[in-house]
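Asker: Here's a structure for you.
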């Protein structure tokens, strides 16, 4: 891993009768899959607040969990930003987005093979610098992505509904903390990942483990620009 692209940012949404995370004690909740990021978030909620969900039911796809909420199949779920906002826009009188504590661990990261790190070091450094600069620019102007986006993309042209909502989504994503606020931070994301995903490691073990999973050379080169 060489760069944290996004944080693990998912959002508890529940029927209007539940106003706080503590209110979900003894309530079933919908998650993505066993061992997934949403499953880890559910565990963190239980451990930090001293509550226990009545059950964990798994439905892959945030949009599918949103539909389950809307149809009354479940009282609570953990959703991504887009589906949280969709539910609140369509039925905000029936659902609450519950206040959530900050999570600094990674959801998406840049992975690079060890061989590529050695044989294409300049290309990796350039890629990390560009992404790092883009993430900085997002905090100054959330329209930078739509303005710089070339069409068609590598995957083809963007659907019109995606392009038309891109600026608003980027603004809400920045506000929700999806993008790391200090993208050139060298060891913060790595440490947060170890503490989140491997909470039983001692501090000594964690310090040793970081170097087994992260190479800080590219981000150190990028951070020299700021």
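Asker: Give 51, 59, 29, 87 a once-over and let me know the one that is surrounded by 15 or more Cβ atoms within 10 Å (Cβ to Cβ), farther than 30 Å from residue 223 by Cβ and out of contact with any strand residue (DSSP E or B) (no Cβ under 9 Å at 6 or more places or on another chain).
Answerer: Of the residues listed, the single one that is surrounded by 15 or more Cβ atoms within 10 Å (Cβ to Cβ), farther than 30 Å from residue 223 by Cβ and out of contact with any strand residue (DSSP E or B) (no Cβ under 9 Å at 6 or more places or on another chain) is 51.
Asker: I've got another one for you. Enumerate the pairs (first residue in the stretch 149-163 and under 20 Å from residue 138 (Cβ atoms); second residue anywhere and in a loop (DSSP other than H, G, I, E, B) and at pLDDT 85 or above) with beta-carbon separation below 6 Å, excluding pairs fewer than 6 apart on the same chain, so at least 6 apart or on different chains.
Answerer: 151/157
Asker: Scan the stretch 69-84 for residues that are farther than 20 Å from residue 173 by Cβ and crowded, with 17+ Cβ neighbours inside 10 Å and report the count.
Answerer: 4
Asker: Looking at the stretch 167-194, which of its residues are within 14 Å of residue 103 (Cα to Cα), part of a loop (DSSP other than H, G, I, E, B) and touching a residue at least 60 places away in the same chain (Cβ under 8 Å)?
Answerer: Within the stretch 167-194, 177, 178, 179, 180 qualify.
Asker: Let me ask something additional. Any residue at all in the stretch 112-135 that's touching a residue at least 12 places away in the same chain (Cβ under 8 Å), assigned to a loop (DSSP other than H, G, I, E, B) and either closer than 21 Å to residue 40 by Cβ or within 19 Å of the chain's Cα centre (by Cα) (or both)?
Answerer: No: zero hits.
Asker: Further question: Would you check if there is a residue in the stretch 68-81 being within 19 Å of the chain's Cα centre (by Cα), more than 24 Å from residue 191 (Cα to Cα) and modelled with pLDDT under 95?
Answerer: The answer is yes; a qualifying residue exists.
Asker: Go through the residues of the stretch 133-143 one by one and say whether even a single one is touching a helix residue (DSSP H, G or I) at 6+ places or on another chain (Cβ under 7 Å), farther than 29 Å from residue 196 by Cβ and assigned by TED's automatic domain parsing to the domain that holds residue 216.
Answerer: yes
Asker: In the stretch 3-37, what count of residues is obtained for those that are outside any strand (DSSP E or B), within 30 Å of residue 134 (Cα to Cα) and modelled with pLDDT of 95 or more?
Answerer: 1
The values are calculated or read from the model by the stated rules, or taken from the named source; none is laboratory data. Keep in mind that what you see is a predicted model, and the values were worked out from it rather than measured. Heads up, the Cβs are rebuilt from the backbone with ideal geometry, glycines too, and the neighbour counts pull from every protein chain shown.
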